[in-house]
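Below is one structure; the comments refer to it alone.
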Amino acid sequence: METVRPCGCKGIRSCLFCEKEYNITKPNLKLQLEKWTSYVYCVHCDKAWPGWDIDLYKNHPNHQGNPIEFPGVYIKLNFLNSHEIASLMEALNNIPWEASQSGRRKQNFGPKCNFKKKKLRLGSFNGFPHPTQFVQQKFLEEPVLKDFQTVEQCTLEYDPLRGASIDPHIDDCWIWGERIVTVNVKADSVLTMTPYLGPDTKYNLESVAEYSTSHDNVKFVEMNENKDIHNITVRLPMPEGSLMVLYGAARYKWEHCVLREDVNSRRICLAYRELTPPYLKNLSENEEIKTILQRALIFQ
């Protein structure tokens, strides 16, 4: 169904509302992934341990089974304290929401991107909401986010009453840089990772060959070439108030998704994106990029 629906869904994306109204059948991804070999990432020992239940990471150090390495993930618990969460929620609730796909709503601040045509333009971007400035300031305390300059900040609301979710995907690699940042403001959730085995023409993955990281602590790390990663799922905890950064192998080699079943209450998160190195490298020759980066320093 290719038409845009009143709920905000289009194409293969759907929510509980349009599935009922248009008699859409959505395959149960959770049931499929539960048949695979699953692991839960532990934020304390930086390894993924056998299991599906996300609370398994709380058993540290008393894990069971044989773990696997899962490079390219940084999770900081309690990145936001309770006062900061309350302050953010009050501010975000006062900003108008736009309907988005798969049962979500969004507040988007950043330039306009056409991923297919590889076109970037300023659009109406004029900076970020002032009450959210302190979040970006806190990034300065994290070595993994050294030199990170936000060019897009997107608030996402996941409503369980709408069956909110996001299908497996890799964030576009032509424009969005090497670190994918999420601040989970309200409610616990899970990011489910599955290996990407498709062509590099999808997600503009071929663009990655045009640049390499300049950040020593986030260099691309390959999974063990001898390890079969088919039919493997890795579950990453996203507790309320936590910070998550995906880079390297987790950024480029794995798709990530939020399953409908992992949204048990209204979830609010902030997603942050940076530009790819080629855009930053050619800064002096591109006036529009210079303007976008200047606007990205404004909070109002």
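The values are calculated or read from the model by the stated rules, or taken from the named source; none is laboratory data. Predicted model only: the values in this text are computed from it and were never measured. Positions of Cβ are generated from backbone atoms using ideal geometry, with glycine treated the same way; all protein chains shown enter the neighbour counts. Heavy atoms of the whole protein, side chains included, go into the accessibility calculation; ligands, DNA and RNA do not. Shrake-Rupley method; radii C 1.70, N 1.55, O 1.52, S 1.80 Å.
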The chain, accessible surface, carbon-and-sulfur percent (1.4 angstrom probe): 48 percent
Which of the lysines could a cross-linker span from residue 119 if the Cα-Cα distance has to be under 18 Å and same-chain partners fewer than 8 positions apart are dropped? 202, 281, 290
What does DSSP give for the chain in terms of the percent of beta bridges that are antiparallel, rounded to the nearest 5? 90 percent
Among [x] 0.94; [y] 1.00; [z] 1.07, the entry that matches Rg/Rh (Cα atoms, Kirkwood Rh) as calculated here: [x]
Can you compute the helix-only [θ] at 222 nm over the chain? Use -39500 (n - 2.57) per DSSP H run of at least 4 residues, normalise by all residues, nearest 500 deg cm²/dmol. -4000 deg cm²/dmol
Can you list residues whose amide H is under 5 Å from residue 189's amide H, if they're 5+ apart or on another chain and H is modeled 1.01 Å from N? 238, 240
Among 236, 143, 114, the residue whose Cα sits farthest towards the positive end of the charge dipole of the chain (+1 at Cβ of Lys and Arg, -1 at Cβ of Asp and Glu, taken about the Cα centre) is 114
Among all the lysines, which ones have a C-alpha under 30 Å from residue 20's C-alpha, if same-chain residues fewer than 8 places away are not counted? 10, 30, 35, 106, 186
